[in-house]
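The values are calculated or read from the model by the stated rules, or taken from the named source; none is laboratory data. Quick caveat: nothing in here was measured; it's all calculated off a predicted structure. Cβ coordinates were reconstructed from backbone atoms using ideal geometry, including for glycine residues, and neighbour counts include every protein chain displayed. Surface areas here come from the heavy atoms of the whole protein model, side chains and all, with no ligands, DNA or RNA. Shrake-Rupley method; radii C 1.70, N 1.55, O 1.52, S 1.80 Å.
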Amino acid sequence: MRTSTTARAATKRHRNFRGEAFLVLPSAGRMWSACNVKVRDCWAVTSVTLRRCLKLGAAMAKSKFEYVRNFEADDTCLAHCWVVVRLDGRNFHRFAEKHNFAKPNDSRALHLMTKCAQTVMTELEDIVIAYGQSDEYSFVFKRKSNWFKRRASKFMTHVASQFASSYVFYWRDYFEDQPLLYPPGFDGRVIVYPNNQTLKDYLSWRQADCHVNNLYNTVFWALVQQSGLTPVQAQERLQGTLAADKNEILFSEFNINYNNEPLMYRKGTVLIWQKVGEVTTKEVKLPAEIEGKKMAVTRTRIKPVPLYCDIIGDAFWKEHPEILDEDS
Ligand code: DGT
Ligand code: MG
Ligand code: MG
């Protein structure tokens, strides 16, 4: 193929998702695809066609429509602050009913949420810790992250879409006998915290919320499922009661010591990066006498690991100082 010297100099080689090579012509950024030419088809493309593409590109670069870019809001998160993205299931009251979630806690649903959060941490960049309970998960990006130039909309939409697609993708691994009846959705918000104390207070607030709701729900459903009260009667019975009263009802009427309830229900799930020894089997190449044999090989990887523990007190932060490290 013969092309003009200018066209050849400015033309770049790229590959598409099928691995096919393309020549990308220099034109206005978003119009590139209109001018792409497959390398293997290049013999059929005349320099006239290329020149036409270049003219179109130049025209688009100076488009009178370009000014609309200025309407895009600047949503850069303040430098050196913690960026938190919190997701919450949309109308999960209904979703839980329709999909027969166990009450008040369905361990399949909670583990699926955690699997999705692990996927988010692994696929996206710069998340140092995540915390989840009920139908929500919070993701904390490191203070000095420059991912997508710290644009809030990029953080939020990437987290929400990765989480939602994972929820559908992994559904069957956790709900073998329960088909997914309709696509779930998640809302997202971005909150910026200026220092370690406000970030720790944020996470404490979410964990305190988990505790208050779970204690209430545990007694509420015990009254309904075991004492036969209607939901309205159970609600009336619990009106005005304090935490101590609820603990007492659980213990005296249902022989339940709330402190012995599973930690995942009482504390929620914390995800942090930890070294994990992974055992894999590998075909051994050498030496010749054991060739073809499989051997167990242990490799160390860093993965988001779930912990079910208190994050309100200082002990957790003293044990894991790297999370709040200045340079994390
Ligand atoms: P929203 O967030 O305003 O769209 O509305 P919802 O319905 O998602 O309300 P929200 O987020 O305040 O509360 C979470 C709901 O999800 C709550 O009604 C109970 C339900 N849920 C979450 N996890 C479980 C579970 O493990 N078992 C059951 N039965 N329900 C759960
Ligand atoms: Mg919700
Ligand atoms: Mg919620």
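Quick check: residue separation of GLN235 and ASP177 times 0.36 nm, minus the Cα distance between them. What number comes out in nm?
17.7 nm
Through the Karplus equation 6.51 cos²θ - 1.76 cosθ + 1.60, θ set to phi - 60°, convert the phi angles of the stretch 176-188 into ³J(HN,Hα) values in whole Hz; use x for Gly and Pro.
4, 9, 10, x, 7, 8, 7, x, x, x, 9, 8, x
Would you pull out the residues with amide H under 5 Å of GLN274's amide H, same chain only if 5 or more places away, H placed 1.01 Å from N?
LYS303, VAL305
If packing is taken as the average number of other Cβ atoms within 10 Å across a peptide's residues, how do 200-208, 213-221, 174-182 rank, most packed first?
Working: 200-208: 16.4, 213-221: 18.7, 174-182: 11.7.
Per-residue Cβ counts within 10 Å, averaged per peptide and sorted highest first, yield 213-221, 200-208, 174-182.
In the stretch 182-328, carbon and sulfur make up what percent of the accessible area (probe 1.4 Å)?
Roughly 53 percent of what the probe reaches on the stretch 182-328 is carbon or sulfur.
Which of the peptides 239-246, 122-129 is most tightly packed, and how do the rest follow, going by the mean number of other Cβ atoms within 10 Å of each residue?
By packing density, highest mean first, the sequence is 122-129, 239-246.
Between the DSSP loop rule and a limit of at most 11 other Cβ atoms within 10 Å, which GluC sites (Glu not before Pro) in the stretch 220-318 are left? Each step should come with its number before you reach the end.
Numbers: sites: GLU236, GLU248, GLU253, GLU278, GLU283, GLU289, GLU291; in loops: GLU291.
When the GluC sites (Glu not before Pro) of the stretch 220-318 are filtered for loop state and at most 11 Cβ neighbours within 10 Å, GLU291 remain.
For LYS282 paired with GLU322, estimate the spin-label separation in nm (one decimal), with each label point 7 Å from Cα along the Cα-to-Cβ line.
Each label point lies 7 Å from its Cα, and together they span 2.2 nm.
If amide hydrogens are placed 1.01 Å from N in the peptide plane, which non-local residues have theirs closer than 5 Å to the one on PHE186?
For PHE186, whose amide H was placed from the backbone, the distant partners under 5 Å are ARG90.
Answer rounded, prolate or oblate for the stretch 59-207, using the Cα gyration tensor with square roots of eigenvalues a ≥ b ≥ c: rounded when a/c is under 1.5, else prolate when a/b is larger than b/c, else oblate. Present the calculation step by step, with values, prior to reporting the outcome.
Working: a/c = 2.52, a/b = 1.48, b/c = 1.70.
Oblate, since a/c reaches 1.5 and b/c is not below a/b.
For PHE175, what residues show an amide H to amide H distance below 5 Å, using hydrogens built from the backbone and excluding near sequence neighbours?
none
Separation between the LEU242 and LYS62 pseudo-spin-labels, each 7 Å from Cα along Cα→Cβ, expressed in nm?
7.7
Please compare each pair in LYS144/LYS267; LYS115/LYS303; LYS64/LYS154; LYS144/LYS275; LYS115/LYS267; LYS115/LYS149 to a cut-off of 19 Å on the Cα-Cα distance and tell me which ones are over it.
Violating the 19 Å limit, Cα to Cα: LYS144/LYS267; LYS64/LYS154; LYS144/LYS275; LYS115/LYS149.
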